[in-house]
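So the structure is just underneath, and the comments pick up after that.
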Amino acid sequence: MNMSKIDMTQGSILGRAAQFALPICIGNILQQLYGTVDTLVIGNFCDASALAAVATSSQPLEILLCIFLGIGSGISILISQAAGASDADQLRKLAQTAVFFLYAASLPLTLLGVAAGPFLLRLMQVPADAMPYAIVYLRITTLGILGNMGYNFNAGILRGLGNSTSSLLFLGISCVTNIVLDLVLTAGLGMGVTGVAIATAASLFLSWMFSIFYIRHTYPAMNFPVFAHGFDLPILHEMLKIGLPLGLNTALYSVGHVLLQALYNTLGSTSVAGKVSGIANIAITSYSSAATVFAGQNLGARNYRRLCCGAWQIPLCSGIVTLAGGLLVTAFCHPLLMLFSRDPAVLAFAQRYTYLVLPFTWAYAVFNGIMCFINGIGEIRYPTIVNILLLWVVRIPAAYLIMYAGYGEYAMVSVSASFITGMIAMLFYFKSRRWGAICALAKNRNTHH
């Protein structure tokens, strides 16, 4: 079997989690660097309205894709469970059904995006001078939905198999292709926003096609199809049962984030603070992905004792790493913030945001790690409800209450409050009947051994 495949059912729990998380962590850093280069190309070779158009027109596409990418996460969970159970037949059926769903969902979504794009942009009140650029960018990138979803689905399948290294390779291919095409089409040929959009869509398609070749070559037993030809109805039902709540959760979170962003924009730009907090929080998504795959593989292998140990070890490790990063960045936040802006008002707001949010982000790391672990064992309802309530009942109302009380400059306290509340709420899952049953199975197996 492929050497890059990490078997989470044996060996050191934290060692395997770190081995799995590291490539994803490097990928997150690569994405941040790529985003910076992309912005520099647009900023230097296009006008200000083009830069604004690219920044705003990507949001409707993200919201449209949220639900379907959530289903991709559901596929990853089912793959990890089948891999843990060493069920080759189930893996083949999952691959076939995933490819069927990819084509069945992406083609109608592409038509919807092209037709409804201008309407969504008008709803977002995109400035008149940026609107023509925004429409062009959204329509071209919408034509790349098949490549976008295909890449994300295949990366999820590989992560479910315990292979996080290859996803880094595909991401590298996508980033290098995008940057080269940006320079050629936008800087060299002067195609402006059209060149940027073509570069984005083309790089995702290339990465998707490379991932197909990789899976077919590395995992021949899966019989991974290139085109859709049939599906397994019970598996499709299970994919939607797990993936739809995850996708709806992400979509609602995106809408809520837009509301919060509108509030913060009245107080000062959070973009600078976001860049610095992104540095401190680089490990969260990687350890959360490790928690999901660990849970799925060990549930599939019926390794209940190891499952119970990993439930607290991986989220706790993510929290400790994030706490260290948060404290370090907070201590040196002023010189770091100066790299991105010299505006005194922007720096004052960003510094306040850093001091009030970063030292508490460890709680979010623990919360997110537990949430992803619970998703990995196929328990979707509880973490989805907690995550939605966290945003819509705690964070957004608290932010607006603080603002209306006359302390708007401290509205970001609502973020830290939601982190702590979410972590406490997620810990209550370990008092649930389902988790009690898993712990009982762990004790029974331990007794028999």
Some residue of the range 202-212 being open to solvent by less than 10 Å² (accessible area, probe 1.4 Å), in a helix (DSSP H, G or I) and aromatic (Phe, Trp, Tyr): no
Lone qualifier among Val386, Val366, Val357, Val393 - being over 27 Å from Cys317 (Cα atoms), in a helix (DSSP H, G or I) and not charged (D, E, K, R): Val393
Qualifying residue in the range 396-408 (condition: within 22 Å of Ile370 (Cβ to Cβ) and open to solvent by 50 Å² or more (accessible area, probe 1.4 Å)): no
Pairs where the first residue, in the range 71-88, is in a helix (DSSP H, G or I) and the second is among the basic types (Lys, Arg), C-beta under 6 Å, 6+ apart: Ser76/Arg159
Residue in the range 152-162 that is at pLDDT 90 or above, in a loop (DSSP other than H, G, I, E, B) and not small (Gly, Ala, Ser) present: yes
Single match in Arg395, Arg342 (criterion: in contact (Cβ under 8 Å) with a residue 40 or more places away in the chain, basic (Lys, Arg) and more than 21 Å from Cys25 (Cβ to Cβ)): Arg395
Residue match in the range 118-136 (condition: buried (at least 18 other Cβ atoms within 10 Å of the Cβ), touching a residue at least 24 places away in the same chain (Cβ under 8 Å) and either basic (Lys, Arg) or closer than 16 Å to Pro225 by Cβ (or both)): no
Candidates Thr141, Thr194 - the one that is free of Cβ contacts under 8 Å to residues at least 60 places away in the same chain and either touching a Gly at 6+ places or on another chain (Cβ under 9 Å) or surrounded by fewer than 24 Cβ atoms within 10 Å (Cβ to Cβ) (or both): Thr194
Per-region count, the range 213-241, residues more than 22 Å from Ile173 (Cα to Cα) and either open to solvent by 40 Å² or more (accessible area, probe 1.4 Å) or of a type in the set (A, V, I, L, M) (or both): 17
Out of Leu316, Leu259, Leu252, Leu244, sole residue that is modelled with pLDDT of 90 or more and surrounded by fewer than 18 Cβ atoms within 10 Å (Cβ to Cβ): Leu316
Boolean, Leu299 is aliphatic (A, V, I, L, M), touching a Leu at 6+ places or on another chain (Cβ under 7 Å) and open to solvent by 10 Å² or more (accessible area, probe 1.4 Å): yes
Number of positions in the range 145-200 that are touching an Asp or Glu at 6+ places or on another chain (Cβ under 9 Å) and over 30 Å from Ala115 (Cα atoms): 1
Single residue of the range 7-47 satisfying the filter (at pLDDT 85 or above and in a loop (DSSP other than H, G, I, E, B)) that is surrounded by the fewest Cβ atoms within 10 Å (Cβ to Cβ): Ser12
Scope the range 167-197; condition small (Gly, Ala, Ser) and out of contact with any Ser or Thr (no Cβ under 6 Å at 6 or more places or on another chain); matching residues: Ser167, Gly172, Ala187, Gly188, Gly190, Gly192
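So that you can scan it fast, the table gives a plain yes or no per residue for (1) under 18 Å from Phe224 (Cα atoms); (2) buried (at least 18 other Cβ atoms within 10 Å of the Cβ); (3) of a type outside the set (Val, Ile, Thr):
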site	(1), (2), (3)
Ile79	yes, yes, no
Asp87	yes, no, yes
Val99	yes, yes, no
Pro108	no, no, yes
Gly150	yes, yes, yes
Val176	no, no, no
Gly190	no, no, yes
The listed residue being closer than 30 Å to Ile24 by Cβ, in contact with a Lys or Arg (Cβ under 6 Å, 6 or more places away or on another chain) and not hydrophobic (A, V, I, L, M, F, W, C), out of Gly113, Gly162, Gly156, Gly147: Gly162
Filter pass, Arg445 being in contact with a Lys or Arg (Cβ under 7 Å, 6 or more places away or on another chain), assigned to a helix (DSSP H, G or I), modelled with pLDDT under 90 and closer than 30 Å to Ser73 by Cβ: yes
Hey, Arg352 surrounded by fewer than 24 Cβ atoms within 10 Å (Cβ to Cβ), basic (Lys, Arg) and at pLDDT 85 or above or not: no
Subset tally (residues that are open to solvent by 60 Å² or more (accessible area, probe 1.4 Å) and of a type outside the set (Val, Ile, Thr)) for the range 409-429: 4
Test result for Arg352, out of contact with any Gly (no Cβ under 8 Å at 6 or more places or on another chain), within 28 Å of Ile75 (Cα to Cα), of a type in the set (D, E, K, R) and in a helix (DSSP H, G or I): no
Residue check, Thr330 within 30 Å of Gly74 (Cβ to Cβ) and either assigned to a helix (DSSP H, G or I) or open to solvent by less than 20 Å² (accessible area, probe 1.4 Å) (or both): no
Hey, Ala283 open to solvent by less than 30 Å² (accessible area, probe 1.4 Å), in contact with a Cys (Cβ under 8 Å, 6 or more places away or on another chain), at pLDDT below 90 and closer than 26 Å to Ile75 by Cβ or not: yes
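The values are calculated or read from the model by the stated rules, or taken from the named source; none is laboratory data. Since the model is a prediction, treat every value here as computed from it, not as a measurement. Glycine gets a Cβ as well: all are built from the backbone with ideal geometry, and neighbour counts include every protein chain shown. Areas reflect the complete protein model, heavy atoms only, side chains present, ligands, DNA and RNA absent. Shrake-Rupley method; radii C 1.70, N 1.55, O 1.52, S 1.80 Å.
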